[in-house]
Amino acid sequence: MKPSLKHFFDSMGSYLARPGDESLQRLYSAHPEWRAPSTRVSIYGDFVRGHIRTAVEKLFPLLRGAVGAETWNALVEDYTLTRPARHHEVNRVGEGFPAFIADAVSSRGLPPYAPALARFEWSDFAVFASQAAAPEPVERLTPNPTLVVLEQPFRICAWVRARGQGVTREPEAGDELALLWRHPELLVTYYQEATPPALLVLKMAVEGLSAPEVAAATGMPEADILDAVARLSRDGLVLAPPA
Amino acid sequence: MVAMTYARRHGLSPLGVGIGLRRSFYEELPRTHRTLDWVEIIPENFLSLGGRSQRALDACAERWPVLPHGVGLDIGGPDALDEDYVTGLAALVKRVDAPFFSDHLCYSRLGGVYLHDLLPLPFTEAVVEHVVPRVREVVARVGRPFLLENPSYYANMPGGTLSEADFLRNVVEEADCGLLLDVNNVYVNARNHGYDARAFVDALPLERVVQIHLAGHTTYPDVIIDTHGDRVCDDVWSLYRYVLARTGPVSTLIEWDQDIPSMEAVLDEADLARAALREGAGR
Ligand SMILES: [Fe+2]
């Protein structure tokens, strides 16, 4: 690459890393002969910053609502400065956001549940877009290959569900094991707390246990076990072989 | 009329009119009863995302030719080509058996960071020299004909010594690739930079045009932004006809990516383009 071209990219690189009046002025001083109107050049700074904001806002709508507009704006600005777009797929800019939020909780006075909520929202997308494909058909009861398990100190699942019903109080503190997976036919993310039946059915899938075996070992009625397997297969948490 | 030498050389014939497989169409498009000749995909939406996008792609590929049109190849950037990206792109092109694929004559990555924008390059010989071997590398790795699109740009980059048309010509001729002529971009650039759109078209190597893009834009007091957020305007339709009169029929895409009223509205625009193509062929 010719030095003049490298100089061009270097100067654009410093401007686009932190678009603003000062960096724009520095860009122009790097090219004294350049006559393009600065209002036109700054369009690119706005665009580049805007793409990160748009992606993050689409991925974390609940967190955005929870922290309020002013805090949110500052968070996105500072996150953008970490240059998170290392992947060609634009949604991947959100991958590092939960860790960024976890680091920012005390310094910015974010609600204590913010990191768990951010992780939940990222997982919601990651599961939705997961490249793990469900084998079709399965030969025996199989855990959904897109399943993600989150261990968190807030009851995020209940809170997200309640929000859907118009309740807006904060998530309650308390240990939660959240399960998120992509429904094999609808291809949308399902989530729920890991209830005893859900854990039992997952254990059956992972260890290849049959309903009679589980009934014998636990004393649970076999019909209840079969019921749970049928319900959670319909929800896609586990994949059942064709009847 | 100019012979379409690049297309002929590669055995490519005009495919008619396509629309983009955008997220909001994933469920609807594969089932449409409307006329559609081919589908364009943004490879970045399919290279690393599973689930709905893959199901939609497979369903479309069963019905229509699929043409990948990238935004992240970064053909003009200073970073080495992204190995992962190019490998994935090559696999995708083969998977959908695309007759050709395309991206933009721009840069989109600096210092390993994707800027997720199509950033303009200075119109210089140094850039031509830089881009040409990169195009050749991509074509060698993907193994299908490749087109570069003329991007929209809002400011001339510093140090330019070539006209925009010469810059485009030098790149596509020296790299021996095709040209994806975005007619809306020509219109937007002509308005933003005060030049004559038809004279610009006349100065292009039209024998390399293998595909055309038509789109809407947004007019602000001091600039027109290439938003792909509206219907194609009358001036762009007439510029399209002007191009077709010189190229003959060319595979044409309606690009509508923002404020999409409905898939039906996009297909209505595609019908208009198909009528213009037919009208052009009947002259
Ligand atoms: Fe285009």
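Across region B:5-281, the volume of the C-alpha convex hull divided among the residues equals 123 Å³ per residue. In the context of the full protein assembly, residue A:29 retains an accessible surface of approximately 80 Å², using a probe radius of 1.4 Å and ignoring ligands and nucleic acids.
Note on B:158-165: average number of Cβ atoms from other chains within 10 Å of each residue's Cβ is 3.
What percent antiparallel are the DSSP beta bridges of chain B, to the nearest 5?
Close to 15 percent.
Every Cα-Cα pair in region A:175-243 was counted, and those over 18 Å apart are 37% of them. Inter-chain Cβ neighbour count for A:38-47, averaged per residue, equals 4 (cutoff 10 Å, partner chain atoms only).
Candidate membrane-span-like segments in chain A, meaning DSSP H helices with Cα atoms spread over at least 30 Å of their own axis and a Kyte-Doolittle mean of -0.5 or above, are A:38-59, with no membrane implied. Accessible surface buried at the A:B interface totals approximately 3600 Å², computed with a 1.4 Å probe on protein heavy atoms.
Counting heavy atoms of the protein chains alone, residue B:235 has an accessible area of about 80 Å² for a 1.4 Å probe. Applying both filters, DSSP loop and at most 10 other Cβ atoms within 10 Å, to the GluC sites (Glu not before Pro) of region A:33-110 gives A:33. Taking all protein chains together, A:100, A:120 sort by accessible area into A:100, A:120, largest first [probe 1.4 Å].
Taking the Cα centre of the protein assembly as shown as reference, the dipole from Cβ charges on Lys and Arg (+1) and Asp and Glu (-1) amounts to some 540 debye. Peptide A:7-18 has a mean shielding of 4, counted as Cβ atoms of other protein chains within 10 Å of each residue's Cβ.
Rounded to the nearest 0.05, the FRET efficiency derived from the C-beta distance between residue B:241 and residue A:169 at R0 = 51 Å is 0.25. For region A:47-197, the square roots of the Cα gyration tensor eigenvalues, ordered a ≥ b ≥ c, give a/c of at least 1.5 with a/b no greater than b/c, which places it in the oblate category. For region B:39-192, the alpha-carbon coordinates run over 46, 32, 27 Å along the three principal axes, in decreasing order. The residues of the protein assembly as shown present an accessible area of 43 Å² per residue when probed at 1.4 Å with all protein chains retained.
Adding -39500 (n - 2.57) for every DSSP H run of four residues or longer, then dividing by how many residues chain A holds, sets the calculated 222 nm ellipticity at -17500 deg cm²/dmol. Please compute, over every Cα-Cα pair in the protein assembly as shown, the percentage with a separation greater than 45 angstrom. Everything past 45 Å amounts to 23 percent.
The values are calculated or read from the model by the stated rules, or taken from the named source; none is laboratory data. Model, not experiment: these values are computed from the prediction. Here the Cβ is made from the backbone with ideal geometry for all residues, glycine too, and neighbour counts use every protein chain on show. For accessibility, only protein heavy atoms count, side chains too; no ligands or nucleic acids. Shrake-Rupley method; radii C 1.70, N 1.55, O 1.52, S 1.80 Å.
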